[in-house]
Amino acid sequence: IEIINAMLKIRNTTEYLSETIDYFRNFLHKEEYKEYFSSNDLINNLLELVNMEIKSNNINLIKRLENITIFGIKNEILQVLINLVNNAKDALKEKNITEKYIIIELFEKENNIIVQIQDNAGGIDGEIIDRIFEPYFTTKHKSSGTGIGLFLSQKIAVNHLNGEIVVKNKEIEILGEKFIGACFELRFLKNSD
């Protein structure tokens, strides 16, 4: 069973990386069409892509979602969210935490969609938190990080979604216990024309 799970993980990761490479290769050239879609469909697509990694790392996923109709380019939003969830997962993997959590919240505020992705990995060092969106800046080992993911995610948010990504360290309470973690917030217009 372990070999089968490992093979499935390798296949899913390879497919995801291949799609990511294709997406970024065409990032500046491709005209994608805007469409109406539900935020539930968006999050379900996200979870289909990251769920195996979440489960294999024993991470508890908490969702707090409003179902909202969005008009935009779904794949661009999805790419940003995948990167944010993967960063949370990587932070949790690095820490020796017994109970690992990723919380995904999605809600509407003043015609903006807000998606918050928070972990309980202790937060981001205050000395580097202002640099994490810089190109090629990474806290990961060279074999597991290039420092380009958050930079490109911010570019997509600003240039394609009329939005932004902000990050802060935030305290959360889960089952009566308080944790500190990084909270990435993607904000974009509900109808990004």
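The values are calculated or read from the model by the stated rules, or taken from the named source; none is laboratory data. Remember, predicted model here, so these are calculated numbers, not experimental data. Note that each Cβ is placed from the backbone with ideal geometry, even for glycine, and that neighbours are counted across all protein chains shown. Calculation scope for accessible area: heavy atoms of the full protein, side chains included, ligands and nucleic acids excluded. Shrake-Rupley method; radii C 1.70, N 1.55, O 1.52, S 1.80 Å.
One residue stands out in the range 151-173 among those that are touching a Leu at 6+ places or on another chain (Cβ under 8 Å) and open to solvent by less than 50 Å² (accessible area, probe 1.4 Å): the one that is modelled with the lowest pLDDT, namely 161.
Yes or no, residue by residue, for (1) touching a Cys at 6+ places or on another chain (Cβ under 9 Å); (2) at pLDDT below 90; (3) open to solvent by 30 Å² or more (accessible area, probe 1.4 Å):
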position: 54; (1), (2), (3): no, no, no
position: 74; (1), (2), (3): no, no, yes
position: 95; (1), (2), (3): no, yes, yes
position: 111; (1), (2), (3): no, yes, yes
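Enumerate the pairs (first residue in the range 146-167 and in a strand (DSSP E or B); second residue anywhere and polar (S, T, N, Q)) with beta-carbon separation below 8 Å, excluding pairs fewer than 6 apart on the same chain, so at least 6 apart or on different chains. Final answer for the pair search is 164/154; 165/153; 165/154.
Screening residue 116 on (1) modelled with pLDDT of 95 or more; (2) outside any strand (DSSP E or B); (3) among the polar types (S, T, N, Q) shows it passes everything except condition (2).
Just one of 107, 71 is within 19 Å of residue 168 (Cα to Cα), hydrophobic (A, V, I, L, M, F, W, C), outside any helix (DSSP H, G or I) and touching a residue at least 24 places away in the same chain (Cβ under 8 Å); which is it?
Going through 107, 71 in turn, the sole match is 107.
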